[in-house]
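A quick write-up on the structure given underneath.
The values are calculated or read from the model by the stated rules, or taken from the named source; none is laboratory data. This is a predicted model, so every value here is computed, not measured. Positions of Cβ are generated from backbone atoms using ideal geometry, with glycine treated the same way; all protein chains shown enter the neighbour counts. Surface accessibility is based on the protein's heavy atoms, side chains included, excluding ligands, DNA and RNA. Shrake-Rupley method; radii C 1.70, N 1.55, O 1.52, S 1.80 Å.
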Amino acid sequence: MVKVDILGVPFDNLTADAVLQKLLGFLETAENHMVVTPNPEAVMLARRDGEFLALLRAADLVLPDGIGIILAARLLRLPLFERVTGCDITQALLKSAVGRSCYLLGAAPNIAEKAAENLRQEGVTVVGFHDGYFTAASEKEIISEIQALHPDILILGMGMPRQEQWAMRHLADLPCKVTLCVGGTIDILAGNVRRAPVFMRKIGLEWLYRLISQPSRFWRMLDLPRFLWVVLRGR
């Protein structure tokens, strides 16, 4: 696979369809594969946190989640096919991986349960779920449960960098074939958070919709102009 380096983070240059085929291929192997979906905020965090950068570099797939990543690639004249969001690729994989099972880990109490209920109504095999607010003591129980249930796909929604740190720490201990670090996807699957209308997603304004619907994200989203400034300065 061709890697595209944007401020030190190596993104995989794949279309959404190619990513889906890659994930389906992972399901046929014996190993657990870590998939991360950095947006500009994650790239800026990686610039400040060397350990987080190392986690992103060690992932099996690094997907560009955020229109800012695509804009940066264009400014730097680098080839990057398209934005591949964690939510979109998760839903595509669950729809395509017929006969496979998943486990949901993350979000606030009761949210993962609702997401599991919604997925089951769509015919997805969800073998278990747990919210992301667990203690070190209960973590062992969660790992034991995942090992016993043996899901093919683990969906992590604990926010960055916690979900990536957790995934890498336990990657070899878990029997999954694909571990998806996909942020707020569980909230979306539960219907707790609504995505932007399709037309806003197509023109790259999903970030604006999220800011309007979740004003508390304002300070976090300041990393987007900072990110573009660093890209332009580097160019």
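The conditions are (1) open to solvent by less than 70 Å² (accessible area, probe 1.4 Å); (2) in a helix (DSSP H, G or I), and residue 123 fails exactly one of them. Which is it? It is condition (2) that residue 123 fails. Going by the structure shown, is residue 115 among the hydrophobic types (A, V, I, L, M, F, W, C), within 14 Å of residue 184 (Cβ to Cβ), surrounded by 22 or more Cβ atoms within 10 Å (Cβ to Cβ) and more than 15 Å from the chain's Cα centre (by Cα)? Yes; evaluated as a whole, the condition is true for this residue. Suppose the filter is surrounded by fewer than 21 Cβ atoms within 10 Å (Cβ to Cβ), modelled with pLDDT of 95 or more, farther than 16 Å from residue 183 by Cβ and under 15 Å from the mean Cα position of the chain (by Cα); does residue 27 pass it? Answer is no for this residue.
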